[in-house]
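What follows is one structure encoded as structure tokens, with my remarks underneath.
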Amino acid sequence: MTNRRSIGAVILFSMVIAAVFNFRNVVNNYVAIGTLAAPIFLIATILYFVPFTLVIAEMVSLNRSSESGVYQWVKSSLGGRWAFFTAFCYWFVNLFYFISLLPIVLVYAGYMILGHEWAIQPWLIAVLSVVIFFIATYVSTKGARWIGSVTSFGSTLMMVMALLFVVAGVGALLGGITPANDMSPGGMRLDPGSGITAWAFLGTLAWIIQGVGGAESIGVYLNDLKGGVRAFVRTIVVSGIAIGLLYSAGTWLMGVFVKKSSVSYSNGIFVTMQSAAGHFGLSGDLVVRGVGLIMLVATLGGLLIWTSAPVKIFFSEIPDKIFGKRVVALNDQGVPVVGAWIQFAVVVPLLFIPTLGAGSSIDDLLKIVTNMTAATALLPPALILVAYLVLRARFEGAVREFRFGSRAVGLGMSVFLLVVFAVAFVASTFPEGQALWLTLAYNVGGVVVFLGASLLWYERYVRRLRAMSPEEAAAELAPSAPVRSEENAQALREGEPEGLATSA
């Protein structure tokens, strides 16, 4: 047990908002399926974000002495092989996140500087993205301390902008504006004439799940929260519902100012904000440039953080003998420099592959990379859910302060979420209308090659470890769930908050 308890519920609430909310998710899903995304966001928050965060809370309470996150969580019930695979997936997913993040940096910079969309070829976007990523990688290895401040500043501005937009939308409705779209519940449906099929809708579920993701990055702060498990559960439920309401309200209010057909992935936020500004007599050009600045600052902060953080987490979390000490070695700023440049080398070709299928449209490029990012983003939480399913099925006796309901509730929720994940993953991996060669080479081939290679590399490590010490190899592969005596378990359960735990 730890006694750090250094943050309060308000700080945790703000951390959840910063980690999860992004106004770009509102735009992307409105462009994809219109105001139907509004109720889906709320449903996803209730049925996915809150339950998954409670799963994370249980995993953290099981490994209270560990700070290493997903590796130890998964090792608890599935052993080292799948723990390594899950940790690799988090790093791997981040590679595709760069593919969607880097082009949008150029889009935001264009709006901030020019005040309108920058007509640029996808191949040139890839070239400039490589340059930006090279600079970001170099800066991240130097350990710039102000990166966190930039990220916090940008995410705060974006949240304020989102809240102002919600207020403006509600004010416009109360003022008698004629909405651009049907704002009634009947308007929140798949219009057969829109060209959106049921399969395309299922594909966007991955985008929405990704939009309310981030619980795994918050669960590790359970040890630091004043009030412990009870305060964590209360805060995460409140913040999750707040995020869902903000996403839902923002998506629904998009229909006040702009039609779905008049916005795209690249210009949606700017067209919407310009229309809102015009309604209230504000300068559309100034608003567009201001929005471009806010989104650019937030995106650059995120780029710098995500260039170094996943590399550091992955390479410092796994056993150092897997890739060798040189790869996992940290510099004086705590960054694995070799790992960071390996990441750069892997991302560069991935930046160019989507441009081959994007034609001359940056919007098509953004759709391709958003699809792939959302699909791969489902892999790590799905593996955590598998580990949780096995934990409740085989290691119910493992002692932890918090359990997500009874054994039946835990098993049922994990199975339900895994089914949803499977459907959304398949639908987003094989998006409707995308060239088959691109789907097979990028969406399928990328996942198979990278994840397959990681497992083969891990098997190489296990073979060498088994040759040196069969006992160490067996310990590495075995689950680490700390099962204790029934007397100790009963004593711990008696100290738990009522209603938060069940008997083992």
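Observations on the model:
- Length-normalised contact order for segment 43-135 - Cα pairs under 8 Å, 6+ apart - percent: 14 percent
- Computed over neighbours whose Cβ is under 11 Å from that of residue 338, the net charge equals +2, Lys and Arg +1, Asp and Glu -1.
- In segment 51-139, the GluC sites (Glu not before Pro) that fall in loop regions by DSSP, at most 12 other Cβ within 10 Å: 67
- Among the listed pairs 75/226; 226/321; 226/312; 142/321, a Cα-Cα separation exceeding 31 Å is found for 226/321.
- Per-residue packing, averaged as other Cβ atoms within 10 Å, sorts the ranges 175-183, 158-166 into the order 158-166, 175-183, beginning with the highest.
- Overall form of segment 49-126 per C-alpha gyration tensor (a/c, 1.5; a/b vs b/c): prolate
Taken together, the values in this text are just the output of simple stated rules run on the coordinates, not laboratory data. These numbers were taken from a predicted model, which means no experiment stands behind them. No Cβ is skipped: glycine too gets one built from the backbone with ideal geometry, and neighbour counts run over all protein chains shown.
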